[in-house]
Amino acid sequence: MLHRTIDTLGWLVTDPIGKARPGRSPHRVIHRQGSAQVRWFPAEGKRALFVSMPLINTWTIWDLLPGRSVVEALVQAGIDVYLLDWGPQHADAEDRPLAHFVDEVLGRAIARSRRHFGGDLNVAGYCVGGTFLAWHLARNGTEGVSGAAFVATPIDFHASGRLARWADPEHFPVDTLHGNFPAERMRASFAWLRPMGQVKKYKALVDGDADFRELWAHLEAWSATGVDFPGACYREYVRACYFDNRVRDELGAVGIPALSIAADRDHIVPPAAAHDLVQVWGGPTATTTLRGGHVGICVGSGLPTALAAWVP
Amino acid sequence: MQNADMYKAWEKAMSQWWDTVLDSPAFAQSVSQGLGNHAKARKAYEDQVDKNLESMHLPTRADLVRVAKICGLLEDRLLALEDRLLEMEDERAASEKAQLQARIEAAEAQLELREQLASIEAKLDAALAPKRPKKRGSKG
């Protein structure tokens, strides 16, 4: 144990996190709006999937490293991937309302991707990106969209466990918040959801082999690159989702088929919060629960396999 | 007890302790209070820095943000125009396609008409053929 610990410390000294380079799959940007970009990962196939990533993270978690990349696996399965990367959010976005992101940016990104692909698309959203997508479809209709998949997406926010208890309207000072909500605060709150997770993380590193170390370094590099949540949008999001749990009330109008994919050990979006989609979605629904945590499912083979099987 | 078992027991005990702390309303209250205080302090700091910059006749954060917001609004308008142009392009392409289809259909109809005429002509020729007197050859 001591030998492995010393060996791990020696490895950490070589700055593996600084050297990690997530997001290497070949792609091209086909559309930009502000900081947001649509990245096209070509498969030149007849199937396409548009992906709405969460506004609060960088997109590279779906392309962490070769062999552990969701987009790479989808492209190999012959699916063109159009991925909406929201990009870094700066002070000029602090007054932008939720509608700007959900209706305008997301709507235009889907429309431009459809135009580029030359046909109807299937769409998917991960985490908050899925919530935004569900909202978008409910508010703007489903023209040109064949089906929607939601990956670890909170629908019933009141079933989000500890996070929902912390974001209680009685305590949470949403109206006193100023400017964009900093990424470090968001990251800290996720870490505090499960403090022992930090200890387990380093224990797993000491126990892990070379492949696991590479994965660990890339995950750390990714988690260090959070994105600030635009202020006005964040306040509206907290009120609508955590205080009023309003998203689920609006989804009955959406009639296209939907798939909810949850992770069995997700402490941020527990399966109950994600699979609530079945109760409120207007169209036919299906659910899949994969093994792993909120981030872990993005580096396993289960997620791309489930998505590739679902895209017609 | 093995090291691994000791670690597991310690981890379990610590997790339970953290669960008690993190699920208590007092914790949520103190974190929220901290957030509120941090937001107030940040605003006060930013206002103060802006005041100092303003007194030195330098652009403040607020000035830069204002310019960036104007750029964002201009981009929104450009994108809306681009959307309109793309729509017009789609409409033009659809109209061209419809026109081309109409021309193809007209040409096909004309061809069909020609074929019908040719067939009528052939029928007429056939009907008229036996009534024609046979030409006699000249005797020289």
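The values are calculated or read from the model by the stated rules, or taken from the named source; none is laboratory data. All values derive from a computational prediction rather than experimental measurement. A quick note on method: Cβ atoms are made from the backbone with ideal geometry, for glycine too, and the neighbour counts reach across all protein chains shown.
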Among the residues of the range B:48-65, the number that are under 41 Å from the mean Cα position of the chain (by Cα) and more than 10 Å from chain A (Cβ to nearest Cβ) is 6
In the range A:94-134, anything away from chain B (no Cβ under 14 Å), surrounded by 23 or more Cβ atoms within 10 Å (Cβ to Cβ) and not hydrophobic (A, V, I, L, M, F, W, C) is listed as A:GLY125, A:TYR126, A:GLY129, A:GLY130, A:THR131
- Consider B:LEU85 carefully, then state whether it is more than 10 Å from chain A (Cβ to nearest Cβ) and more than 19 Å from A:GLY179 (Cβ to Cβ). yes
Of (1) at pLDDT 95 or above; (2) exposed (fewer than 13 other Cβ atoms within 10 Å of the Cβ), B:LEU73 fails just (1)
Only unsatisfied item for A:THR142, checking (1) assigned to a loop (DSSP other than H, G, I, E, B); (2) touching a helix residue (DSSP H, G or I) at 6+ places or on another chain (Cβ under 9 Å), is (2)
Q. Is it the case that some residue within the range A:252-260 is small (Gly, Ala, Ser), within 26 Å of A:PHE50 (Cα to Cα), buried (at least 18 other Cβ atoms within 10 Å of the Cβ) and in contact with a Phe, Trp or Tyr (Cβ under 6 Å, 6 or more places away or on another chain)?
A. yes
When every residue in the range A:203-215 that is of a type outside the set (Asp, Glu) and in contact (Cβ under 8 Å) with a residue 24 or more places away in the chain is compared, the one farthest from the other protein chains (Cβ to nearest Cβ) is A:LEU215
Point to revise | Condition check for A:ARG239: closer than 26 Å to A:GLY23 by Cα and away from every other protein chain (no Cβ under 14 Å) | key: no
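Taking the options A:ALA148, A:ALA159, name whichever one is over 23 Å from A:GLY226 (Cα atoms), more than 13 Å from every other protein chain (Cβ to nearest Cβ), more than 17 Å from the chain's Cα centre (by Cα) and in contact (Cβ under 8 Å) with a residue 60 or more places away in the chain. Walk me through it before giving the result.
Values: A:ALA148 fails: more than 17 Å from the chain's Cα centre (by Cα).
Answer to the selection: A:ALA159.
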Restricting attention to the range B:29-45, the residues that are at pLDDT 90 or above and more than 14 Å from A:THR176 (Cβ to Cβ) number exactly 1
Log entry, pairs with first residue in the range B:21-34 being more than 7 Å from every other protein chain (Cβ to nearest Cβ), second being among the aliphatic types (A, V, I, L, M), beta carbons closer than 6 Å, six or more apart or on different chains, reads B:PHE27/B:VAL21
Test result for B:ALA68, exposed (fewer than 11 other Cβ atoms within 10 Å of the Cβ), under 37 Å from the mean Cα position of the chain (by Cα) and assigned to a helix (DSSP H, G or I): no
Going through (1) charged (D, E, K, R); (2) surrounded by 11 or more Cβ atoms within 10 Å (Cβ to Cβ); (3) more than 17 Å from A:ALA93 (Cβ to Cβ) one by one, B:ARG61 fails only at (3)
Over the range A:162-177, the set of residues more than 7 Å from every other protein chain (Cβ to nearest Cβ) and in contact (Cβ under 8 Å) with a residue 24 or more places away in the chain is A:LEU163, A:ALA164, A:ALA167, A:PRO169, A:VAL174, A:ASP175
The residue from A:PRO54, A:PRO66 that alone is under 20 Å from the mean Cα position of the chain (by Cα), closer than 18 Å to A:ILE155 by Cβ and away from chain B (no Cβ under 14 Å) is A:PRO54
Residue pairs within 6 Å by beta carbon, gap of at least six or interchain, first lying in the range A:40-67 and aliphatic (A, V, I, L, M), second in a loop (DSSP other than H, G, I, E, B), listed first then second, are A:ALA43/A:GLY78; A:LEU49/A:VAL311; A:LEU55/A:TRP86; A:ILE56/A:VAL227; A:LEU64/A:PRO22
